[in-house]
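Below: one structure, written as structure tokens.
The values are calculated or read from the model by the stated rules, or taken from the named source; none is laboratory data. All values reported here derive from a predicted model rather than from experimental measurement. FYI the Cβ positions are ideal-geometry reconstructions off the backbone, even for glycines, and counts take in every protein chain you see. For the accessible areas, the whole protein counts, side chains as well, though only heavy atoms, and no ligand, DNA or RNA atoms are used. Shrake-Rupley method; radii C 1.70, N 1.55, O 1.52, S 1.80 Å.
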Amino acid sequence: MKKYFQFDELGTSYKQEIIGGITTFLAMAYILVVNPLTLTLADIPELPDELRMEYGAVFVATAVSAAIGCFIMGIFAKYPLALAPGLGLNAFFAYTVVLSHGSPWQHALAAVFISSVFFFILTLTGLREKLINAIPMELKLAVGAGIGLFIAYIGLKNAGIIVANGATVIGMGNLKDPQVLLSIFGIFITVILMVRGSKGGVFYGMVITAIVGMIFGLIDKPASILSAPPSIAPTFGKLFTAFSDPSFYSLSMLSVILTFLFVDFFDNAGTLVAVTNQAGFVKDNRLPRAGRALISDSIASMIGSIFGTSTVTSYIESSSGVAAGARSGFASVVTGCLFLLALFISPVLSVITSAVTAPALIIVGILMAASLREIEWNKFEIAVPSFLTMFMMPLSSSIATGIAVGFIFYPITMILKGRVKEVHPIMYVFAILFLLYLTTLSE
């Protein structure tokens, strides 16, 4: 086992990988609750029953697809990168495709399946790997730093430290609120552990914060430990009914498929580059086994749609596991096992509140921002697209949008500087596609 996962070459151990895998799971366990709530449009009670998915079935689909994705990524690609149904894409699935377009959720699942098949074919041809390797190192570093700023912002917002403000868009929250104080406590504890050199500082910080929350009555103690998983029957294989429905074959559904394809590619590519760069896998601007990582994502997404969930993609929360010491695919296997275990211990997951996960996201954001030091800020043609890439992610709440803005400006500034030959031809194609993407997004 140690030889297969290259523990000696990577300088890791079972303890390190297990702690890393658990940390990643705890940081992304919220998806087990958030994804079913989103896909079932739980905040819209008046929704007709025929447009609503079964919550329990989606919960099982979320856990199973995440587990399978983690297993494939860990065993086949050997990266400490966890997968699960993606945020943003699940909102597009529910609120745009189902609610706004009025498409049956079975059609939406079929669109996810088709886009995943396209992804798989593109990966087998090697095109997806070539596209990622065509991205200049400066922008890869900016993507990593931008994602770090984005998840730190999410952590601050989830903690209640940063809130919406009518006068200044965002502002400080109520620092006297007990839940906010619990998050601040978690930040301090995690910082202390990290400064003292604890490799599992992020994980231990989350555990201590959860325990303190329960002691002071800020987090409800689980009523039970075990529960039987719900039935998967209401959603399993239902996507195939769409193929016999003539209304599925339309231009609007084609646009839905292309949107799933486009957004998932750049969200996944950004996450893959950021996490693997943080773990030290990117060498000479190339990522070993990138094709395997992308194949893992494609297969997991296809399986997820069959079980009954939206697009499965790589999770930036994997960076918390890397920060805790994860360096091999064994950590992803650990995370996958925990997702399967979650099917039976869902009551225990109630203690993993936003107050517990927020400190981890903030600390990981700090760690990921370290890549900023490697960007050539003294060269304005590099500084402009790099800054816009990282700054637009938290401002737009979208990894894909941040990438789009930076990728549009990169060839422009390089041309103006007279460095045309240094720009890969694919980057010009990206710029045009992203320009069209942002134009469509603003309509």
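Once neighbouring chains are kept in place and the probe is 1.4 Å, which whole percent of the accessible area of the stretch 179-223 is contributed by carbon and sulfur?
72
Just report the Cα centroid separation between the stretch 157-184 and the stretch 357-434, whole Å.
Cα centroid of the stretch 157-184 versus Cα centroid of the stretch 357-434: 28 Å apart.
Which value, in Å², gives the accessible area per residue of the stretch 161-255 when a 1.4 Å probe is used on the protein heavy atoms? Could you put the intermediate results ahead of the total?
Details: 5920 Å² over 95 residues.
Computed with neighbouring chains in place, this is 62 Å² per residue.
Taking the Cα centre as origin and putting +1 on Lys and Arg beta-carbons and -1 on Asp and Glu beta-carbons, what dipole magnitude results for the chain, to the nearest 20 debye?
Its charge dipole is roughly 1220 debye.
Roll a 1.4 angstrom probe over the protein heavy atoms and tell me the percent of accessible area of the stretch 327-405 that is carbon or sulfur.
Percent of accessible area from carbon and sulfur atoms in the stretch 327-405: 72.
Can you pull out the trypsin sites (Lys or Arg not before Pro) in the stretch 344-428 whose DSSP state is coil and whose Cβ has at most 13 other Cβ atoms within 10 Å?
Here the trypsin sites (Lys or Arg not before Pro) that fit, given the DSSP loop and packing criteria, are Lys417.
Hand me the GluC sites (Glu not before Pro) from the stretch 28-107 located in a DSSP loop with no more than 16 other Cβ atoms within 10 Å, in residue order please.
Glu46
Only sites in a loop by DSSP and with at most 12 other Cβ atoms within 10 Å count here; which chymotrypsin sites (Phe, Trp or Tyr not before Pro) in the stretch 1-106 make the cut?
Tyr4
Which entries in the list Lys140/Lys283; Lys3/Lys140; Lys130/Lys283; Lys15/Lys78 go over 20 Å, if you measure between the two C-alpha atoms of each?
Flagged as over cut-off: Lys3/Lys140.
Under a crude label model (7 Å from the Cα following the beta-carbon direction), how far is Ala167 from Tyr95 in nanometres?
Once both label points are built, they end up 2.8 nm from each other.
Give me the percent of the accessible area of the stretch 1-123 that comes from carbon and sulfur atoms, probe 1.4 Å, all protein chains in place.
About 66 percent, which is the carbon plus sulfur part of the accessible surface.
Tyr4 to Val195: extension gain in nm, 0.36 nm per residue of separation minus the Cα-Cα distance?
Extra length from Tyr4 to Val195 when fully extended: 65.5 nm.
Which residue, chosen from Leu193, Ser13, Pro104, occupies the Cα position most advanced towards the positive end of the dipole of the chain, where the dipole is computed from +1 (Lys, Arg) and -1 (Asp, Glu) charges on Cβ about the Cα centre?
Ser13
Roll a 1.4 Å probe over the protein chains and send me the accessible area per residue for the stretch 1-97 in Å².
The answer is 37 Å² per residue.
Excluding Tyr79 itself, what net charge comes from residues whose Cβ is under 10 Å from its Cβ, given Lys and Arg +1 and Asp and Glu -1?
+4
Post the alpha-carbon centroid distance, the stretch 116-142 to the stretch 231-306, in whole angstrom.
Here the answer is 13 Å between Cα centres.
Tell me the label only: which of (1) 22.8; (2) 23.9; (3) 22.2 is Kirkwood radius over Cα pairs in Å as calculated from this structure?
Among (1) 22.8; (2) 23.9; (3) 22.2, the one calculated here is (3).
On full extension of the chain, what length is gained from Arg373 through Phe243, given 0.36 nm per residue of separation minus the C-alpha to C-alpha distance?
41.7 nm
Applying the Karplus parametrisation 6.51 cos²θ - 1.76 cosθ + 1.60 with θ = phi - 60° to the phi angles of the stretch 188-196, what ³J(HN,Hα) value in whole Hz is obtained for each residue in order, glycine and proline being reported as x?
Coupling constants for the stretch 188-196: 4, 4, 5, 4, 4, 5, 5, 5, 7 Hz.
Largest first, how would Glu9, Glu422 line up by accessible area (1.4 Å probe)? Could the numbers behind the result be given before it?
On the way: Glu9 135, Glu422 110 Å².
The most accessible residue leads, giving Glu9, Glu422.
Once amide H atoms are built 1.01 Å from N in the peptide plane, which residues 5 or more positions from Ile162, or in another chain, come under 5 Å H to H?
The list, which skips near neighbours in sequence, is Lys157, Gly173.
Whole number in Å², please: accessible area per residue of the stretch 276-404, 1.4 Å probe, ligands, DNA and RNA not counted.
32
Might you work out the accessible area of Asp245 for me, using a 1.4 Å probe with all protein chains in place, and round it to the nearest 10 Å²?
50
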